[in-house]
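Heads up: the structure comes next, in structure tokens.
Please treat every number below as a calculation from the coordinates, not as lab data. None of the values given here were measured: they were computed from a predicted structure. As a convention, Cβ positions derive from the backbone with ideal geometry for all residues, glycine included, and neighbour counts pool all protein chains shown.
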Amino acid sequence: MLFYGQLDEDGKWDGDCIINIYENKKLKLITEAVYNNGELSTFQQAFPNESARQNGQNVWFFSNRAMKEGFSIGETWDYIREGDFKQTFSYDKVTADDILTIQELQSEVAVQLEGYYRGNTSGGRFNDDSGEAYMVKYFEDGTVRTLYKGKFKNGFPEDSSNDGWMIGRSSMEDSYSHYVGPFKEGHPTISPHAPNAKDYWEIGISQDRIVELLDDKTFSYLLVGRTQCAMARPREISLAYRIQQMLLYGCIQGFD
């Protein structure tokens, strides 16, 4: 582990600090954080996924968060990961110049945005029972594959309240569909082919219908498919406008 920062009179981390962790000469974590007498206050992190993901895609996670009691609040971006980031120094000759910042890593690896999450985390997973958290997933060209808003459990959409909702499509050739209802382990629990599907699903919705569904909703910093702005400052923008632009021009651009 590399640590760059300061200690207070009690020997605890204090103020702005940077931590780099390598394992087997591969980068495992960057943390840029503000500590108060050893207690984590706010932080940005970058790290690769360690366990297999549901879609099999490896990613780099970038997060910007603040600690609360037992959980953190903020945002997480994930970018397609093509490989590991290798250690380029030896510990017997390490200097301050060998400390890697999140911005430096981002400039190297944050090329294609795969997903975005805004909500609470705990235990290293997306966990939020407020119903206000949301996640966006993207196709390779930067267009929205899925937008979900609702509750999360252990990293996945999970909501039994029937208030969780989703707009999405399976491929870039398909039309978007809209679903409102229960979710389990990241998926709607009511099949679009179920006898009662019409109570939960709208299949093949138009652009005008998407704008209508989203017209009264705002989302902070929703996102980008082709630009690198993982740490851009959030700004409240109507998602209806962004979806409309995406449908017209093929990509939602970032706002900073």
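Determine the alpha carbon to alpha carbon distance for each of Lys26/Lys137; Lys68/Lys153; Lys149/Lys184 and list only those over 23 Å. Numbers along the way, then the final one.
Numbers: Lys26/Lys137 27 Å; Lys68/Lys153 18 Å; Lys149/Lys184 13 Å.
Violating the 23 Å Cα-Cα cut-off are Lys26/Lys137.
Can you put Trp60, Trp13, Trp77 in order of Cβ neighbours within 10 angstrom, beginning with the fewest?
Trp13, Trp60, Trp77
With the cut-off at 1.5 for a/c, could you classify the stretch 1-148 from its C-alpha gyration tensor as rounded, prolate or oblate? Can you show the working numbers first?
Details: a/c = 2.44, a/b = 1.29, b/c = 1.90.
Note, shape of the stretch 1-148 comes out oblate.
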